[in-house]
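See below for the structure under consideration.
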């Protein structure tokens, strides 16, 4: 775990261009920012999951009603 954390710190150092030891306050600010980003990404995942559920319901309805599927088809029927 410590090794993974150390790898994360070295990535922060490279990203920020820090060459000396990290200031604990700067590290705390960086961690708070990362936690905020994680929260944003989690919210986006939940939103995408909801959109996928809606899409799955629509696809299930279209599969049950072939006439509806033909109505939404982009390729005109050639009969």
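The values are calculated or read from the model by the stated rules, or taken from the named source; none is laboratory data. Everything numeric here is computed off the predicted structure, so don't read it as measured data. So basically every Cβ, Gly included, is an ideal-geometry build from the backbone, and we count neighbours across all protein chains shown.
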Restricting segment 61-79 to residues that are part of a helix (DSSP H, G or I) and surrounded by 10 or more Cβ atoms within 10 Å (Cβ to Cβ), the one modelled with the highest pLDDT turns out to be 61
Close pairs from segment 19-44: first at positive phi and loosely packed, with under 11 Cβ neighbours inside 10 Å, partner in a loop (DSSP other than H, G, I, E, B) and at pLDDT below 90, Cβ under 7 Å, at least 6 apart: none
